[in-house]
Amino acid sequence: MRFALLVWLLFTASLIQAQSLSQADVKNLFGRIRERRASAPDVRADFQEQRTIHLLNKPIVSSGKLWFHPPNKFRREVGGNSPSVTVSNGHDLWIYYPNFKSVEDYSLGKRSPVDAIIAAINTALNLEDVESTFQISGTKVGNAYELRLLPRSPSMKRMFQRFDLKLNSDFVVERTDMVQPGGDQIVTTYSDQTRAPIPESTFEFTPPAGTQVTSPLGR
Amino acid sequence: MRMSDLIASIMANRRPLVWLGVILIAIACVAVLITRIEIDSDVINMLPKGFRSVEGLKMFDRDFEQTRELTFALRCQPQDVDKLEEFAPTFVDNLRKQPWCERVLAGSPMETPDGIRDLQAIAVPLLLNLEPSSFEQTISILQPQKIRERLHRLRMEIEAGSPRPQFELGFDPLGVIGPALKPFAEANAIEEEQPLTSPDRTMRIFLVVTNQPSLSAFECQRLMREVNAFRGRARDGWDGGPLDVLVTGRSAYVSEISLSMRYDIVATLGSSVLLVGLVFFIGFRRWIPLFGMGFALLLSCLVALAVCLTVFGRLSMLAVGFCAILVGLGVDFAILIFGRYQQARIDGEEYQQAIATSVAKLGRAVFFGALTTAVGFLALVLSGSMGFSQLGVLIAIGIFFAGLFMCTILFLFIKPDQPPQKHDWVFGIVKKYVCWSVKRPAPVLIFSLVLFLGLSVFGFSPVPPLRFEASVRSLEPRNSRASQALQAIMEKMPTRWEPVLAIVRAHDAQELHDDWQKISAHWSELLKAGKLKGFSTPAALCLSPDWMEKNRKSLGQVDFQLTRETLGQTLDAEGFSRDSFSTAFKLLDDLQTASNPNAPLPSWRKQLPKGAGWWFLVDRYFAKDPLLTTGFATPPKPVTMHEQSEQLGRELPVGGVPMILSGWSYALAEMQPWSHHQLLIISALMAIFDVSLLAILYRDFRLWLIQVITLAFGIGAMIATMKALNLHLNLLNVLSFRLVLAIGVDYGIYVVLVWQKTRELEHDVAGVIKPVILAGLTAVSGFGSLGWAHNPSLSGLGVACAIGIFWSLVATIFFTLPAMAVAKPKIWNEANPPPTI
């Protein structure tokens, strides 16, 4: 009898905590997100990232700050022992390594692997147009939402195997979990998000003097 | 006994014997045709000999594997681009399953794991093939300290978030593959400019190498039947909107051209015979002589084909036009001879006497007409083009026999007891015109002078110009699916202009390597100087036995055991997964094996898997004979002018390296003087021959001058009409001038010779003008019927000739005749004709 009661309680609790979203709910949810973000599209956040890549035995953990202006401008500063600054102005993407005094310069939109970085950030922080590029399912857990995004288009499939998002009650992304086709995984947790306008200069980058600039994928 | 009397006697009294001779000739010709016929549908063989670039094109076409390549393209609507991307692998799988498919390239091999693995497989031979100092520098990365430093740095960069170290370690875990492939990558940068997906993603290209045993027309037709059957089911699994499956390539073209040739022969010959027959019947109201004329023409065609097959071994596609041209030319003789025969019969002569009269009166004109035409066409032998030469010889032989047969065999089809035509309304009209223009020539002469002067001024003036299309496209069949597919691909894909081919053949591997090293170095300088836009060469793939032996000795000094241990320890220390670096350990094993001085030198040809996409690149550079190679140099601008080809011819070669420069654009630019001047010079030479012959024949300056002016008027009016109708010249219809000149001379000879000799204007002049008009109309019909041909060059030739012959005929009737009446007046006296001489 006690076991049956326990099962009933667990079942009820699960019903309360994880309520599946219908396609109409998902559509409605994204409509509200768009409404909320239309007035304040820019995002600034702190993040913590855990990357599991097949080349390494253990995940890499890093943290830093992020500035994002949709659809494709961002600045990402990573601290710690291996600091880096990644800046995209929408056309070019630079990754600056202060320890090595070197800069990598990539062109965006040429189906290069760095497009995945933009796509990941855009998907996580902008959620614009994701319904057309992903098949979306989700659950409502309390006041929060957990969404699973499966890419529809072959171009997205080349970047992601799946993309999980967790939104809080204010429709702000708290956590993303991205699995890439090769099995590599990146889990990112966002905190201290603000939506004040970001100056344009944030997304510009000039290599410091004495820095070696390379274009690993060509121009 | 005169020749005309002899012929008349034989035709009247020895008919069974003549029939026997005809049958024997026909059997012999058919036997030759059946046993030896081989059609050459290769457009390249229409180009002239004596140009190295043309020889290079033939070599590239014959010896390089890419001639067995078909290009497939899938084209979808813009809203279906994602579906197309998803469908592409299904399409490729289906392609690979086809029995005629040997290899498929669906994208850059660099973008696929298999492509990267294949490239890693050939790293060792390419590494050993590095220039020794570069090799020393590259191999130094295997020193323990350098391994530790590199992996530590890459680990730090991964931590910092760079995507680059992951690519680098995935592709080149030891750091030696990149430098080994650097020359290969540098030399092939030009290839990367041609992706296999259009920028708007609505088109995807798939390159397929087929396993067809030969490139013969029948083999290509067989292959394309299977390919088209595949196209019919290629959309299986596609769930989007309209999807076009396009195919182009050498086999597609050969198949279509050979099939269109069949259509062209049937359609043009059929319509030519029909139209000519119609004109003949209207003129003479007789069917059996018409049949006889067709038979004589067919026999002359058979004789010409049999002789040419015996001489040349095979016939060019140009010969397709031969039958219709010969019908157009040969029918003149038949009409003239039969017209005069009928006139004699109307005048009351008996069968044998009428034959003798017609041969006596017009045999000389037919002989000289055939001679000028034959010599005119034989001049094409000087063009240097196998196709043009064959056409010239074919028509020369054909026209000679046509003249002979029309003066003999034609009479086999005329019944001796057939009564003459009672009322000839065509002759009546012609007679009235001749009478009028002889009695009062001034009005006709003034009108025709004004008309032809106006047309000639317009025609010969440089503005507007008569355009010359030297493009190969002008020789492609009309509505060609292969051509349309190629155009659709060119529209969608980011195109670059065609590079210049540099074909190099060496005696051994070392010489080939040294040659390409020199060429690459020289072309690099041209690139820096802005004289080249880009280039790609097989330099990196041409192995140097000398360098490889030297580098192998250096490699033997590497302590591979220590390197292996250091790599393992460093991977552990930096936290790398050993499993992910298995290829690094494998590469160390391969390098150690290669360092063994007793082992054979590694070769990328043996190590590159048979199905690797890289073979598409390799096949561009290497012929079936690996010592025959080609490189590609892209000039700063498309090669369109002869001066550009001359400049490239000076700058691209390297001293001491035998090189053939080629490519379609380059070859056509190099041939511009030939196409613009050589054919014109030949035509001019033949025109000089014609006017000299006329001078000897007429021995009268005024008649000679009238004839020359008539020819000039005919050509001038022809050019004016072509300009007005926006018809362009191309490699084939440029011949039309020669043809029109030859036929125009014939018409002049018929009329002028009769005018000179006759004292019975109403009989002889009117009697020859009617056949000339009928002959002109049949020639216009014969050539005009070529307009039905699928091959635009052939149809262009037919239309141009029809226009030219029409104006030559008009000039002969409305200018030559009244001009002669003014220059050499004769009295029209129908009531009291003088006795026949």
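Equivalent ellipsoid of segment B:144-244: semi-axes from √(5λ) of the C-alpha gyration tensor, largest first, are 45, 21, 12 Å. Candidates B:TRP664, B:ASN726, B:GLN343 compared by Cα position along the dipole of chain B: farthest toward the positive end lies B:GLN343, with charges placed on Cβ.
Residues B:PHE368, B:PHE447, arranged from fewest to most other Cβ atoms within 10 angstrom of their Cβ, appear as B:PHE447, B:PHE368. Charges were assigned to the Cβ only: +1 to each Lys and Arg, -1 to each Asp and Glu. The resulting dipole of the protein assembly as shown about its Cα centre is roughly 2900 debye. Percent of Cα pairs in segment B:623-671 per distance bin of 5 Å, from zero to the largest separation: 5, 18, 30, 22, 14, 8, 2.
Contact order, relative form, for chain B: 24 percent (alpha carbon pairs under 8 Å, 6 or more residues apart, mean separation divided by residue count). List the residues of segment B:236-272 whose backbone N lies under 20 Å from a point placed 7 Å from the Cα of A:GLN23 along the Cα-to-Cβ direction. Residues passing the 20 Å test: B:239-241. The residue among B:MET203, B:ILE257, B:LEU275 whose Cα reaches farthest toward the positive pole of the charge dipole of segment B:189-276, with charges on the beta-carbon of Lys, Arg, Asp and Glu, is B:LEU275. In plain terms, the chain from B:ILE27 to B:ARG153 could stretch by 36.7 nm, reckoned as 0.36 nm per residue minus the Cα-Cα distance. With R₀ fixed at 56 Å, the C-beta to C-beta distance from B:LEU466 to B:SER9 puts the FRET efficiency at about 0.60.
Length available on full extension from B:LYS182 to B:LEU378: 0.36 nm per residue minus the Cα-Cα distance, which gives 64.9 nm.
Per-residue packing, averaged as other Cβ atoms within 10 Å, sorts the ranges B:342-355, A:161-174, B:599-612 into the order B:342-355, A:161-174, B:599-612, beginning with the highest. Spin-label model, B:ILE681 to B:ARG52: label points 7 Å out along the Cα-to-beta-carbon direction sit 2.0 nm apart. Structural size metrics of chain B, computed from C-alpha coordinates, are Rg and Dmax of 35.7, 127 Å.
Here is the tail figure for the protein assembly as shown: Cα pairs spaced more than 61 Å apart come to 33 percent of all pairs. Under 20 Å from a point 7 Å along the Cα-to-Cβ line of B:MET490: which residues of segment B:238-262 have their amide N that close? Correct set: B:245-258. Across segment B:172-181, rounded Karplus estimates of 3J(HN,Hα) from the backbone phi angles (6.51 cos²θ - 1.76 cosθ + 1.60, θ = phi - 60°) give 9, x, 8, x, 9, 6, x, x, 5, 8 Hz, Gly and Pro being marked x.
The residue list B:LEU697, B:LEU47, B:SER603 was ranked by how far each Cα lies along the charge dipole of the protein assembly as shown toward its positive end, using unit charges on Cβ atoms, and B:LEU697 comes out on top. For peptide A:95-102, the mean count of partner chain Cβ atoms within 10 Å of a residue's Cβ comes to 4.
Averaging 1/r over each pair of different alpha-carbon atoms in segment B:306-433 and inverting the result gives 16.2 Å, the Kirkwood hydrodynamic radius.
Its residue count N sets the reference 2.2 N^0.38 Å, and the alpha-carbon radius of gyration of segment B:394-450 equals 1.83 times that reference.
The overall shape of segment B:93-172, judged from the alpha-carbon gyration tensor, is oblate: a/c is not under 1.5, and a/b is no greater than b/c. Taking the Cα centre of segment B:736-837 as origin and assigning +1 to Lys and Arg Cβ atoms and -1 to Asp and Glu Cβ atoms, the resulting dipole is close to 180 debye. A full extension of the chain between B:GLN557 and B:LYS606 corresponds to an added length of 15.1 nm, given 0.36 nm per residue minus the alpha carbon distance.
Site pair B:ARG285 and A:LYS65 shows an inter-label distance of 11.0 nm when each label is modelled 7 Å from Cα along Cα→Cβ.
Partners of B:LYS432 within straight-line reach, counting lysines whose Cα lies under 24 Å from its Cα and excluding those fewer than 8 residues away in the same chain: B:LYS361, B:LYS422, B:LYS757, B:LYS770, B:LYS824, B:LYS826. Compute the whole-percent fraction of alpha carbon pairs in segment B:719-768 spaced more than 18 Å apart. Above the 18 Å cut-off, segment B:719-768 has 52 percent of its Cα pairs. Among B:ASP514, B:ASP546, the ranking by other beta carbons within 10 Å of each residue's beta carbon, starting with the fewest, stands as B:ASP546, B:ASP514. Placing +1 at every Lys and Arg Cβ and -1 at every Asp and Glu Cβ, with all other atoms neutral, what dipole size does segment B:612-731 have around its Cα centre, in debye to the nearest 20? Dipole about the Cα centre, nearest 20: 260 debye. Take the Cβ atoms of A:GLN212 and B:ASP63, set R0 to 35 Å, and the FRET efficiency comes out at 0.15. Ellipsoid semi-axes for segment A:65-219, based on the Cα gyration tensor and the rule √(5λ), read 28, 18, 14 Å when sorted largest first. Its Cα gyration tensor gives segment B:1-118 an equivalent ellipsoid. The semi-axes, each the square root of 5 times an eigenvalue, are 62, 21, 15 Å from largest down.
The base-10 log of I(q)/I(0) for segment B:38-100, evaluated at q = 0.17 Å⁻¹, reads -0.76 [Debye formula, identical scatterers on Cα atoms, solvent excluded].
If a spin label sat at a point 7 angstrom from the Cα of B:THR35 along the line to its beta carbon, the backbone N atoms of segment B:273-315 nearer than 19 Å would be those of B:302-315.
Annotation for B:ARG225 and A:ARG162: the two label points, set 7 Å from Cα along the Cα-Cβ direction, are 5.3 nm apart.
Once the C-beta distance of B:VAL426 and B:ARG235 is scaled by a Förster radius of 56 Å, the resulting FRET efficiency is 0.40 to the nearest 0.05.
Laboratory data are not the source of any read-out in this text; all were calculated from the coordinates shown. Just so it is clear, the model here is predicted, and its values are computed rather than measured. Cβ atoms come from the backbone with ideal geometry, glycine included; neighbour counts cover every protein chain shown.
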